[in-house]
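Visitor: If you scroll down you'll find the structure; I have some questions about it.
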Amino acid sequence: MEGAFILEKLILVVIVFTVSLVIAMYSTLAERKIAGFMQDRHGPNRAGFGGLLQPLCDGGKFFFKEEIIPAGAHRPLFILGPTLAIITACISSAVIPWGQTLTVGNREVVLQVADINVGVLYIFGVVALGVYGIMIGGWASNNKFSLLGAIRAASQSISYEIGMGLSLIALLMVTQTLSMSEIVAQQSGFVNWNIWVQPIGFLIFMTCAFAECNRVPFDLPECETELVGGYHTEYSSMKLGLYMFSEYINMFVSSALMAALYFGGYNFPFMHDLGLSQNWITILGVLAFFLKIFGFIFFFMWIRWTLPRFRYDQLMNLGWKMLIPLAIANIVLTGVITLIKDTYFA
Amino acid sequence: MLPNKPIKETAMQSLSNRKKIIEQKPMNFWERMYLPAIAKGLGITIRHFFKKIPTVKYPEETRPYSKNFRGQHSLKRDEQGRERCTACGLCALSCPAEAITMTAAERKKGEEMLYREEKYASVYEINMLRCIFCGLCEEACPKEAIYLDGPHVTADYLRKDFIYGKDKLVEPTFDITKLIQDKTS
Ligand code: SF4
Ligand code: SF4
């Protein structure tokens, strides 16, 4: 029994890992395609049919590029930076429930790598860890632009984590649990999605997720116009590739998080009215979940090609003077509403 | 920081009434949230997402040339395949870019099948780097000997290779009977 359990989890880990890598890979293509369409052009369309082989070519090119470690750089930390970035990006997907249970033979397979009861906290911790990759890389480069980028990344990350945490507290007041699988299970159907009870919280969470992923309009750590390449100025070859990759994996994971926390995860409308067997509902649920994730990834890119980058003081103003007070107000509001509901409508 | 006071109108009289006075007020709470502006921007980009893409995918697709496109020059032959040019130099004279040079020669006995006039150009060169494809040489020619009806002049590595001699300019001889056959068949 134990062996089967380990094997099952191992297979799941490999699948989740592969899927997130492939999605991150093709996000790079999707990003350029979407950018192209939004600017009335085609985007890459030479490698393979419609540019489908472009990510592979890019990956190959990254491997063949010269690997430079600057003379003044702190070697071990310089290597540790991108490693940490990609590891933290990959492990945060462990607690996301990808679907309900599949019945294979007489075994119930839960489509979640680790159902820990503090899932939300775990994600929070891992996300907070993510900034270390950038910090260490930027510091170890021994380059003032990299250092500036790293400092920006750190302060931005800390500022927006507060807003993110506060917006999540309001959500947790509604869900009464920290376990990801329970949060998603509570949102079955369509009307139970958390977005209907926490719209403001979702908005804050999304904004903070953008900032945590260092995506435009909050990509100040790598702001090309001011900092050459930001924290990865000195990086080349696959180390740079890993940084880029971790950004896309982060985007995928935060899309999954938003879909799971606020948009019902694997739940889809009328899922109980179709009269399908559990396995089919699970499979359709996984598809629905990925549809939502792709929707969010598209939204990430859509935003990127619409908005200009914020100025640093605007970023800080938005984080501290708008989002945090708003999130606190949201908590109070949620508390009041819950109280009223419990006293008068229970 | 943005200036908080509206900019005062100057005493200068405006000639048209197209001038708009833009007031710069400090942003209100809703504007400072950026959300309405973001939504508007998203609307604009998504409209472009579904627009027709005007790009011409070049090697596979080509744009049609205009009817009076002026490309590489060709020195024409007459119906019997003889070179029309008589080396009068009018084209060189009319050329604003001074791209044309030539050396005249006298037609010898037995060369009547090669050159239409008694005088012909033994050397005729156009410097394609100088030429601006204005077509004035074509207009100046009294013998209808030069036309800019060729394709694009292609890129090359050396400057000297852009000086096109008669080998590149003169039309290839063709068999007129074959052409008639092709037309009728
Ligand atoms: S096209 Fe104009 S510039 Fe070119 S050779 Fe003729 S006259 Fe000169
Ligand atoms: S091309 Fe025409 S204008 Fe020029 S030299 Fe010949 S005949 Fe004269």
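The values are calculated or read from the model by the stated rules, or taken from the named source; none is laboratory data. Remember, it's a predicted structure, so these values are computed and weren't measured experimentally. Cβ sites come from the backbone with ideal geometry, for glycine too, and all protein chains shown count toward neighbours. Surface accessibility is based on the protein's heavy atoms, side chains included, excluding ligands, DNA and RNA. Shrake-Rupley method; radii C 1.70, N 1.55, O 1.52, S 1.80 Å.
Visitor: Quick one: in the range B:54-75, of everything that is within 25 Å of residue A:39 (Cβ to Cβ) and among the basic types (Lys, Arg), which residue is nearest to the other protein chains (Cβ to nearest Cβ)?
Guide: Within the range B:54-75, the subset within 25 Å of residue A:39 (Cβ to Cβ) is B:54-63.
Subsequent filtering for residues that are among the basic types (Lys, Arg) retains B:57, B:63.
On the way: B:57: 7, B:63: 16 Å.
It comes out as B:57.
Visitor: Go through the range B:69-113 and report how many residues are within 10 Å of ligand 1 (Cβ to nearest atom) and among the charged types (D, E, K, R).
Guide: 2
Visitor: Answer yes or no as to whether residue B:86 is out of contact with any Gly (no Cβ under 9 Å at 6 or more places or on another chain), surrounded by 13 or more Cβ atoms within 10 Å (Cβ to Cβ) and among the polar types (S, T, N, Q).
Guide: yes
Visitor: Output the number of residues of the range B:124-152 satisfying the condition of being open to solvent by 40 Å² or more (accessible area, probe 1.4 Å), within 10 Å of ligand 1 (Cβ to nearest atom) and part of a loop (DSSP other than H, G, I, E, B).
Guide: 4
Visitor: Oh, and also: Check the range B:99-121 and report whether any residue there is within 30 Å of residue A:299 (Cα to Cα) and assigned to a loop (DSSP other than H, G, I, E, B). Give the steps one after another, and end with the answer.
Guide: Step one: of the range B:99-121, the residues within 30 Å of residue A:299 (Cα to Cα) are none.
No: the range B:99-121 contains no residue that is within 30 Å of residue A:299 (Cα to Cα) and assigned to a loop (DSSP other than H, G, I, E, B).
Visitor: Based on what the data block shows, is residue A:301 more than 18 Å from the chain's Cα centre (by Cα), assigned to a helix (DSSP H, G or I) and within 14 Å of chain B (Cβ to nearest Cβ)? Quick ask: steps written out before the conclusion?
Guide: Numbers: more than 18 Å from the chain's Cα centre (by Cα): no; assigned to a helix (DSSP H, G or I): yes; within 14 Å of chain B (Cβ to nearest Cβ): yes.
Answer is no for this residue.
Visitor: Considering only the range A:18-50, state which residues are in a helix (DSSP H, G or I), crowded, with 18+ Cβ neighbours inside 10 Å, within 12 Å of chain B (Cβ to nearest Cβ) and in contact with a Phe, Trp or Tyr (Cβ under 9 Å, 6 or more places away or on another chain).
Guide: Answer for the range A:18-50, where residues must be in a helix (DSSP H, G or I), crowded, with 18+ Cβ neighbours inside 10 Å, within 12 Å of chain B (Cβ to nearest Cβ) and in contact with a Phe, Trp or Tyr (Cβ under 9 Å, 6 or more places away or on another chain): A:34, A:37, A:38.
Visitor: Condition first: within 13 Å of chain B (Cβ to nearest Cβ), touching a residue at least 24 places away in the same chain (Cβ under 8 Å) and either of a type in the set (Val, Ile, Thr) or open to solvent by less than 40 Å² (accessible area, probe 1.4 Å) (or both). Now tell me which residues in the range A:319-335 satisfy that.
Guide: A:319, A:323
Visitor: Here's another thing I want to ask about it. Mind checking which residues of the range B:35-53 are assigned to a helix (DSSP H, G or I), open to solvent by 70 Å² or more (accessible area, probe 1.4 Å) and at the interface with another protein chain (Cβ under 8 Å from one of its Cβ atoms)?
Guide: B:44
Visitor: Inspect the range B:58-71 for any residue being within 16 Å of ligand 2 (Cβ to nearest atom), small (Gly, Ala, Ser) and open to solvent by less than 30 Å² (accessible area, probe 1.4 Å) and give the result as yes or no. Quick ask: steps written out before the conclusion?
Guide: Initially, the range B:58-71 is screened for residues within 16 Å of ligand 2 (Cβ to nearest atom), giving B:70.
Still in the list and also small (Gly, Ala, Ser): none.
The answer is no; no qualifying residue exists.
Visitor: Residue by residue through the range A:130-156, note down the ones that are in a helix (DSSP H, G or I), open to solvent by 10 Å² or more (accessible area, probe 1.4 Å) and of a type in the set (S, T, N, Q).
Guide: Taking the range A:130-156 and keeping what is in a helix (DSSP H, G or I), we get A:130-140, A:144-156.
Imposing the further condition that a residue be open to solvent by 10 Å² or more (accessible area, probe 1.4 Å) reduces the set to A:130-132, A:134-136, A:139, A:144-145, A:147-148, A:151-152, A:154-155.
The answer is A:155, and nothing else.
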